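The values are calculated or read from the model by the stated rules, or taken from the named source; none is laboratory data. Only a predicted model underlies this, so the values are computations on that prediction, with no experimental measurement involved. Glycine also receives a Cβ, built like all others from the backbone with ideal geometry; neighbour counts cover every protein chain displayed.
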């Protein structure tokens, strides 16, 4: 902050934070409503899920990111379907489904991908076998997308850059990350890298 005003960087970060809050609010509102309906306190939900009370409070306030694993644990604790916690609604749902189909088709047509879930065009969870030639960057079809991604190395090695963090995976190593953060995949080795990539999109 400069002279009581936001700098350009501060203001940009503020806008990014506001976008995250807006995206998470629907989940937070639904979680609060369901928890109160079942007369469960934040601390009780924390006990049932094993998640910190502070984290659950941030999710309810729309200030914290709720990964898929957390949503599943919360849904199980509240004895509800996980889909009931996720934002639905007409146009938004149609838009997301259209995006999922488009992204799936792009990956299906790319020679680097082998689709392992061919019937999952409109599904939220899809899996691919990915090949990256030696000493090359994987030409991504969409290096930043809503949801989460899980990468498992079957052969060779891969360097995955997620935001500012760099991860180097060798055979039988894996990485789970927020795919909403810009990311790249690179094969630094002399043999073709073979990966299993599982993608969840809302």
Look at region 48-61 and say how many of its residues are over 15 Å from residue 32 (Cα atoms) and modelled with pLDDT of 90 or more.
1
Do we have any residue at all in region 103-122 that's modelled with pLDDT of 85 or more, in contact with a strand residue (DSSP E or B) (Cβ under 9 Å, 6 or more places away or on another chain) and part of a strand (DSSP E or B)?
no
Within region 127-161, take every residue that is within 24 Å of residue 72 (Cα to Cα) and at pLDDT 85 or above and give me the one that is surrounded by the fewest Cβ atoms within 10 Å (Cβ to Cβ).
127
Hits in region 143-201 - residues which are touching a helix residue (DSSP H, G or I) at 6+ places or on another chain (Cβ under 7 Å) and part of a strand (DSSP E or B):
148, 200
Exactly one of these conditions fails for residue 65: (1) modelled with pLDDT of 90 or more; (2) touching a strand residue (DSSP E or B) at 6+ places or on another chain (Cβ under 8 Å). Give me its number.
(1)
When you check residue 4 against the structure, is it modelled with pLDDT under 80 and touching a strand residue (DSSP E or B) at 6+ places or on another chain (Cβ under 9 Å), yes or no?
no
